[in-house]
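Report on the following structure.
Just so you know, all these numbers are worked out from the coordinates, no wet-lab data involved. Just so we're clear, the structure is a prediction, and the values are computed from it rather than from any experiment. Cβ placement follows ideal geometry from the backbone for every residue including glycine, while neighbour counts extend to all protein chains displayed.
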Amino acid sequence: MELIRQHISIEKYGGIMIWELTQDCKGDKSLLKVINDSFNMNSSVEGDINGDKELNSADLVTLSLFLLGYKNTNIVNWKDGDLFEDNTLNLYDLIAMRKLIIS
Ligand SMILES: [Ca+2]
Ligand SMILES: [Ca+2]
């Protein structure tokens, strides 16, 4: 809860909001559901460079094509593909991505 409060206060709204949740409803109109959906919408998936919120062989193909120099490669989240964490996409990331997918 403290993490959520800090995230909201610092990055989103510049302040702290206190909500009374004992009267929250269930289903799609639940305030907790809306909050949860909002936070998950911005979450990233490690290795998901094509932005479909999954790590799979499509990401591996996309990274392979990029490394082979294809100019029309659609990389949405290059930072999520930087699995070797050296601030660039290279063969080390491809190897790490392959290991993640087959594990
Ligand atoms: Ca993906
Ligand atoms: Ca890298």
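Structure values in brief
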read-out	value
Share of pairwise Cα separations in the range 57-102, more than 11 Å, in percent	63
Hz values of 3J(HN,Hα) by residue in the range 70-77 - Karplus curve (6.51, -1.76, 1.60), Gly and Pro given as x	5, 6, 8, 5, 9, 9, 8, 10
Environment charge at residue 87 (Cβ cut-off 15 Å; Lys +1, Arg +1, Asp -1, Glu -1)	-4
Net charge over other residues, Cβ less than 12 angstrom from the Cβ of residue 101 (K, R count +1; D, E count -1)	-2
Over 32 Å (Cα to Cα) - which of 33/71; 71/99; 26/53 fall in this group	33/71
